[in-house]
Amino acid sequence: MWCSLCVLPSIQTSPPKPTGVLLVGFVCPAVMSGFNLLHLITKGQPVALRPCSLPSGACLTKRKWPVSFPPEELKKRLTPIQYHVTQERGTESAFTGGLTRHQDEGTYTCVVCGAPLFSSSSKFDSGSGWPSFFDILKEESIVQSDDFSYGMHRVETTCSQCGAHLGHTFDDGPKPTGKRYCINSASLAFQPKDAASSSAAEGGAASSSGGGGKTEL
């Protein structure tokens with residue numbers, strides 16, 4: 001049986017005429033892996049793929065992060081999609097994240113450890129369906145590494161403190177950086193600018209009151 005998806009010019013799209021040669025082991029390219037198909041076309045050496053249990057096909061590194069949490073704690077504290085994205089390198093569906101169109105002023109932090117990552121001033125609408133930023137708060141806020149999952153090369157972005165998967169970085173962002181940090185909403189929490197200012201003001205007021213009491217004594 002021939003598949004209607006067999007459209008490669010080097011492969012016939014209709015049953016071959018009898019030639020006296022028996023075709024054994026023909027496999028439709030539509031069900032072939034990208035690596036095996038490349039081997040078929042180029043006649044190069046087949047690529048040995050390393051098995052991995054993660055849905056994305058990319059194995060977590062053995063790197064030790066400054067902050068770590070037991071998986072049991074994270075499963076209780078995070079929602080299923082937050083756990084899947086940050087701990088299993090998953091990806092939320094486009095345009096489904098709660099922070100995709102979020103426009104309030106403030107700071108975007110890691111949903112796992114609370115580390116500050118992005119400022120609302122660097123957020124822009126990329127049309128990709130995921131929150132996008134053209135810059136990070138600090139160079140040491142994230143860690144970037146090569147990601148070869150799905151048969152392609154991308155640059156993975158993770159939290160530098162706890163190793164939570166955030167998303168990927170691309171070189172098609174706006175000036176001045178030219179970067180697009182494409183981040184899952186499930187990897188982020190948001191701290192409003194007013195809330196941060198209020199906390200700082202309350203802290204300053206408390207210190208002032210404390211100082212006044214000492215003066216009276």
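Taken together, the criteria exclude SER149 from residues that are on the phi < 0 side of the Ramachandran plot, of a type outside the set (Val, Ile, Thr) and in contact with a strand residue (DSSP E or B) (Cβ under 7 Å, 6 or more places away or on another chain). Listed conditions (1) open to solvent by 70 Å² or more (accessible area, probe 1.4 Å); (2) under 29 Å from GLU73 (Cα atoms) are all met by ASP172, apart from (2). In the stretch 122-142, the residues that are within 20 Å of GLN191 (Cα to Cα) form Cβ pairs under 8 Å with partners that are open to solvent by 50 Å² or more (accessible area, probe 1.4 Å) and among the acidic types (Asp, Glu), at six or more places apart or across chains, as follows: SER122/ASP135; SER132/ASP125.
Please go through the stretch 147-158 and pick out each residue that is in contact with a His (Cβ under 9 Å, 6 or more places away or on another chain) and without any contact (Cβ under 8 Å) to a residue 60 or more places away in the chain. Lay out the reasoning, then the answer.
Going residue by residue through the stretch 147-158, those that are in contact with a His (Cβ under 9 Å, 6 or more places away or on another chain) are 147, 154-158.
Passing the criteria: ARG154, VAL155, THR157, THR158.
None of THR177, THR157 is in a loop (DSSP other than H, G, I, E, B) and either open to solvent by less than 70 Å² (accessible area, probe 1.4 Å) or hydrophobic (A, V, I, L, M, F, W, C) (or both) except THR177.
Could you list all residues from the stretch 65-91 that are open to solvent by 70 Å² or more (accessible area, probe 1.4 Å) and over 19 Å from ILE183 (Cβ atoms)?
As a first pass, look at the stretch 65-91 and keep what is open to solvent by 70 Å² or more (accessible area, probe 1.4 Å): 66, 68, 72-73, 75-77, 80-81, 91.
Within the stretch 65-91, PRO66, SER68, GLU72, GLU73, LYS75, LYS76, ARG77 qualify.
Filtering the stretch 112-135 to residues that are farther than 10 Å from ILE183 by Cβ, open to solvent by 30 Å² or more (accessible area, probe 1.4 Å), assigned to a loop (DSSP other than H, G, I, E, B) and hydrophobic (A, V, I, L, M, F, W, C) leaves CYS113, PHE134.
The values are calculated or read from the model by the stated rules, or taken from the named source; none is laboratory data. All values derive from a computational prediction rather than experimental measurement. Because the Cβ atoms are built from the backbone with ideal geometry, glycine has one as well, and the counts that use them run over all protein chains shown. In case anyone asks, the SASA skips ligands and DNA or RNA and just uses the protein heavy atoms, side chains included. Shrake-Rupley method; radii C 1.70, N 1.55, O 1.52, S 1.80 Å.
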